[in-house]
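Visitor: Dumping the structure here so I can ask a few things about it.
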């Protein structure tokens, strides 16, 4: 730009004496190297950078309390999706003892790849998984009196005590993952490693002093004042924070239900009821009891960490199948199927909308197709099982069972039996109380006519019988 400017100047003054041309050249060179010119140039470049940065005026605040589980993960995912759709920053206000490792991994990955700035705010003590999901946030703020760290994974031993996990196949990937995330966010990766390996704990001031956190703030308002005019780079570009308003993320009923079902105690109780109910239904040939047992089994499986989305689809399709079967079957057995279908549909609907990292992050069509096909397969399988149950129940209602059938059996009177009085008969090796409308002598053969409660109704056996 400068060369073309000088060339134009020389062309313009071509008829001027050489000494004047030299004077002009020197004057231009001096002006280019002068301080005022540099100041103007720097201001121009700064202005260009500010113009290129996308401005964010709004923040969504999500409050995380309690255990980090499937419900927490679903709630955070929904908040990130909303913030991205509204071009808003997301503030995760967290005060949690930690939670499940798999859910922590998923949340950390989603935060790390977010398109909009995510600010982590440890407003209170945040340990274990709560600390780990703060590491990949773009800005990390900690209350100066709050504690973070203690991220060593543990498991519950046979006696109920917490036992640290030292298995390299678990520890090494965990350390590597969060070391890389810390480095990508210019955080102290060595201290993050100490959080995991040594259960190290620091307070908010120490976190900032050691470079694992960016700021200290005692309140949300103080945090917002610290963020004013700060620039943040995400995978989508550079954002400048000029937050003038914020809204709290809406409550999520389905997330609360998922959190309840994720509780190991609740999950264990539901699984136990479901499994033993199915065993009882099969052993007693009372197949109509399987649908209610299936409800407990599915709800218990959700708490084990099994893909909730597929189980939701299963519940909805199986519920519809049971409803149809109940209508076709009718009667008391049909009522059981109807009630089971209604419960499955109600619970499945309460867990909607269906969300998942595969769809939210990758956006790949094949991922959506895979989930759809797998869900369809489970639904078809559930429909087949429901059809078999209905068919078996209908069949059992039309065929009288012969198991322990005693009507028509021949026995021997062990005592005299008078009309209106009870006596005893021996039928197939068992001694029964018996009555008869006719007098029967001891030792005579009898035929069982019917059975009322535990008393047989018999008659004297004729020679022709």
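Visitor: Anything in region 58-100 that is at positive phi and out of contact with any strand residue (DSSP E or B) (no Cβ under 7 Å at 6 or more places or on another chain)? List them, or say none.
Guide: 66
Visitor: Among the numbered conditions (1) crowded, with 18+ Cβ neighbours inside 10 Å; (2) under 20 Å from residue 110 (Cα atoms), tell me where residue 235 comes up short.
Guide: (1)
Visitor: Right, next: Give the residue, chosen from 304, 285, that is at pLDDT below 65, surrounded by fewer than 22 Cβ atoms within 10 Å (Cβ to Cβ) and more than 23 Å from the chain's Cα centre (by Cα).
Guide: That would be 285, the only listed residue that is at pLDDT below 65, surrounded by fewer than 22 Cβ atoms within 10 Å (Cβ to Cβ) and more than 23 Å from the chain's Cα centre (by Cα).
Visitor: On to the next question. With region 156-273 as the region, which strands (runs of 3 or more DSSP E) entirely inside it contain at least 1 residues that are assigned by TED's automatic domain parsing to the domain that holds residue 66 and closer than 19 Å to residue 97 by Cα?
Guide: 162-164, 201-203
Visitor: Would you please list the contacts, defined by Cβ atoms under 8 Å and residues six or more apart or on different chains, that run from a residue in region 206-230 that is without any contact (Cβ under 8 Å) to a residue 24 or more places away in the chain to a residue that is surrounded by 14 or more Cβ atoms within 10 Å (Cβ to Cβ) and in a helix (DSSP H, G or I)?
Guide: Note: pairs meeting the criteria are 210/191.
So that you can scan it fast, the table gives a plain yes or no per residue for (1) in the same structural domain as residue 243 (by TED's automatic domain parsing); (2) at pLDDT 95 or above; (3) under 20 Å from residue 213 (Cβ atoms); (4) surrounded by 24 or more Cβ atoms within 10 Å (Cβ to Cβ):
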residue: 67; (1), (2), (3), (4): yes, no, no, no
residue: 72; (1), (2), (3), (4): yes, no, no, yes
residue: 104; (1), (2), (3), (4): yes, no, yes, yes
residue: 127; (1), (2), (3), (4): yes, no, yes, no
residue: 139; (1), (2), (3), (4): yes, yes, yes, no
residue: 144; (1), (2), (3), (4): yes, yes, yes, no
residue: 147; (1), (2), (3), (4): yes, yes, yes, no
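Visitor: Given (1) under 24 Å from the mean Cα position of the chain (by Cα); (2) crowded, with 20+ Cβ neighbours inside 10 Å; (3) modelled with pLDDT under 75, identify the lone condition not met by residue 262.
Guide: Only one criterion in (1) under 24 Å from the mean Cα position of the chain (by Cα); (2) crowded, with 20+ Cβ neighbours inside 10 Å; (3) modelled with pLDDT under 75 is unmet by residue 262, namely (3).
The values are calculated or read from the model by the stated rules, or taken from the named source; none is laboratory data. Bear in mind the structure is a predicted one, so any value in this text is a computation, not a measurement. Positions of Cβ are backbone-derived with ideal geometry, glycine not excepted, and every protein chain shown enters the neighbour counts.
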